[in-house]
Amino acid sequence: MRAVVAYAWARSAAGAIVHADGGVEWRNARPVAGEDDPAAVAAALAVAGPDGEVVGLTLGDADASWALARGAARAVRVTDAPASDDEGVTAAVIAAGVRSVADVDVVVVGDSEEHPGVAAAVGARLGWPVVAGVVSAAPSGAGIEAVRRAGDVQETVVVTCPAVLGVAAEGAESRTPGMKEQLAARKRPVVTTTLAELGVDTLPAAVVPGGTRLPEQARTRVFEGEPEQTARQLVAALRAEGVL
């Protein structure tokens, strides 16, 4: 089975600064691996099995070797993919990248809380079924048996291939690649391509934010003086606010 795992396809929200006037400044606009990406790679390896292949797919100027150091055999990087917060645009680029890889059985995407619609949008672009919230997966006949979290319970479903899995991490990455894996990753093939080479003439119109603002700050009052005095001030303030 051949699995394509998409990784490092979005900017980290930690790299954004929201100014008082609503403007957003990106200290680091480079796509980085998300919190769910290690779990996505692990699921792709489990689904592909020892006789299958995992192909990494990343966007922009992200580090393509990230997935190669974690077991992917090769990678595809779409060099001119835009750094977009629009999930429809991101999904369109990922789907185009998937189509450039022959005989794909499953696409695995990190089910990010910051970008929860990407996996479903990729499935819609490809016309494939989607299972979201997956915590583990394994091959099952001509399909995939996936375990997903539904509220307080875990649900096991079987989906036929080709399919898209949105994988949600249950914890931090247990083991990061060592120097040996990182050096080996640099020797594995990375194919660079562009939107034009993928046949993407136009991307869907991006959703443009109408404005950004910092959350309102609650007013803080500090009562000073002796304990009895500050207690009286607190009671008076609570009564003035209608709490007491």
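Within a Cβ distance under 11 Å of residue 161, other residues only, what is the Lys/Arg minus Asp/Glu net charge? Local charge sum for residue 161: -1. Using C-alpha pairs under 8 Å with a sequence gap of at least 6, the mean separation divided by the residue count of the chain gives a relative contact order of 22 percent. Each residue of segment 50-65 is assigned a 3J(HN,Hα), and the resulting list reads x, 9, x, 9, 10, 10, x, 9, 9, 10, x, 9, 5, 7, 5, 6 Hz, derived from the Karplus form 6.51 cos²θ - 1.76 cosθ + 1.60 (θ = phi - 60°), x at Gly and Pro.
Phi-derived couplings, Karplus 6.51 cos²θ - 1.76 cosθ + 1.60 at θ = phi - 60°, listed residue by residue for segment 9-21: 10, 9, 6, 7, 4, 5, x, 9, 10, 9, 7, 4, 7 Hz, with x used for Gly and Pro.
Dimensions of segment 17-83 from C-alpha coordinates, computed as largest minus smallest value along each principal axis and given longest first, are 55, 23, 15 Å. Computed from Cα atoms, the angle from the helix 87-99 axis to the main principal axis of the chain rounds to 20 degrees. Here the 3J(HN,Hα) profile of segment 110-125, calculated from phi with Karplus coefficients 6.51, -1.76 and 1.60 at θ = phi - 60°, is x, 7, 6, 5, 6, 9, x, x, 5, 4, 5, 5, 4, x, 5, 5 Hz, Gly and Pro shown as x.
Per-residue packing, averaged as other Cβ atoms within 10 Å, sorts the ranges 29-36, 119-126 into the order 119-126, 29-36, beginning with the highest. If I model a spin label at residue 218 and residue 183 as a point 7 Å from the Cα along the Cα→Cβ vector, what separation in nanometres do I get? For residue 218 paired with residue 183, the spin-label model returns 5.5 nm.
Looking at segment 49-94, what % of the alpha carbon pairs are farther apart than 15 Å? Tail fraction, whole percent: 48. Find how many whole Å separate the alpha carbon centroid of segment 75-147 from the alpha carbon centroid of segment 32-69. Cα centres, segment 32-69 to segment 75-147: 12 Å. Between the labelled values [x] 18.4; [y] 19.5; [z] 20.1, the entry that holds Kirkwood radius over Cα pairs in Å as derived from this structure is [z]. Computed from Cα atoms, the angle from the helix 37-48 axis to the main principal axis of the chain rounds to 30 degrees.
A short reminder: the numbers here are calculations on the coordinates, not readings from a lab. This one's a predicted model, so the numbers in the text were calculated from it and none came from an experiment. Cβ: placed from backbone, ideal geometry, glycine included. Neighbour counts: every protein chain shown.
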